[in-house]
Amino acid sequence: MFDRKQLETVLRLHEKSYELLKWVKSALKQGTISFSVLHTATDSTLAAAEWIQRHLANLPSIARPEAIEVPQFSRLFVSFLQTSFDLSANTQVRTTTKSCCCGFCATIQMGPNLVPRTPSKRDFKTAVELKQFYLQRLATDFQITKSGEVIAKVLADSNFKTELSMATWGAELVRRSQFASQGEAVLALWREFAWKDNNPIRDFTIKPSLILNAEQAIAQRLKEFANT
Ligand SMILES: [Zn+2]
């Protein structure tokens, strides 16, 4: 089950990820960011944390986490970059001897060439597995026995599709804030509730209350199925 406070923090940091990428794109044009510290770690999250910490004072408040949140924010930002973007086909890799070319620095230096990714069929399949994991955890929280049967029923219930995608997406976001993880299927989940007819729903913003209400509706359904 979601912890409201934790969910609020993670969603706030998730929004800042969008803003940080926007800032990176404009700052690259102006040449005001630096890649002069060379990262030896192959772990992108550590490189991101160092880079964000070093630029923290320069970030606009809309994109700036609290200093204490930098490790958590770095995991979310790296995972946001990895799951949501591809490099455009005509990208020319420009490297200079002075700048770091670790995975993280290389990716953000490509800022303007990062194009939104389209989730693959495989991502949508994996998304179903993520929903199963989520329901399993919820069933455990509510001590529902014969959970396999009950979960299958909830998964098949077409009345709860949006709620299930939304709650699973929220759960994955919380998980990604705790562990470095790519999980490209989260993009598929996002499409299932924030898009309609192949277009993003206009003015849609994800809020903690939406996710909490979705979880409440699903938990209710789980209990109903368990008692029939
Ligand atoms: Zn680097």
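Neighbour counts of other Cβ atoms within 10 Å put 174, 150 in the fewest-to-most order 174, 150. Taking Cα centre as origin and charging only the Cβ of basic (Lys, Arg, +1) and acidic (Asp, Glu, -1) residues, the dipole magnitude of region 121-226 rounds to 120 debye. Residues 17, 158, 209, 79 in ascending order of nearby Cβ atoms (within 10 Å, fewest first): 158, 209, 17, 79. Using only side-chain charges placed at the Cβ, +1 for Lys and Arg and -1 for Asp and Glu, the dipole size of the chain relative to its Cα centre rounds to 380 debye. With Cα atoms defining each centre, region 103-138 and region 163-188 are spaced 9 Å apart in the structure. GNM remark for the chain: springs join alpha carbons under 10 Å apart, and the peak mean-square fluctuation among 30, 136, 216 falls on 30. The GluC sites (Glu not before Pro) found in region 11-111 that occupy coil by DSSP, while having at most 15 further C-beta atoms within 10 Å, are 66. Checked against a 28 Å cut-off, the cross-linked pairs 25/131; 131/223; 121/196; 125/223; 131/196 give Cα-Cα distances beyond that limit for 25/131.
Compared with the dominant Cα axis of the chain, that is its longest principal axis, helix 185-194 is turned about 70°.
Just flag the trypsin sites (Lys or Arg not before Pro) in region 100-148 sitting in loop per DSSP whose Cβ has no more than 12 other Cβ atoms within 10 Å. Passing both the DSSP loop test and the Cβ count: 146. Across the options 174, 164, 52, the greatest Cα extent toward the positive end of the charge dipole of the chain (unit charges at beta carbon of Lys, Arg, Asp, Glu) belongs to 52.
If one takes the longest principal axis of the Cα atoms in the chain, at what angle in degrees, from 0 to 90 and to the nearest 10, does the Cα axis of helix 121-141 lie? Result, in degrees: 60.
Bridging of residue 29 to lysines at a Cα separation below 26 Å is possible for 16, 98, once same-chain residues fewer than 8 apart are set aside. Relative to the dominant Cα principal axis of the chain, helix 44-55 is inclined by about 60°. Using a 4.7 Å Cβ-Cβ cutoff, the cysteines of the chain lacking any partner cysteine are 101, 102.
Coordinate-derived values only; no laboratory data. All figures in this text were calculated on a predicted structure; none of them were measured in a lab. Cβ coordinates were reconstructed from backbone atoms using ideal geometry, including for glycine residues, and neighbour counts include every protein chain displayed.
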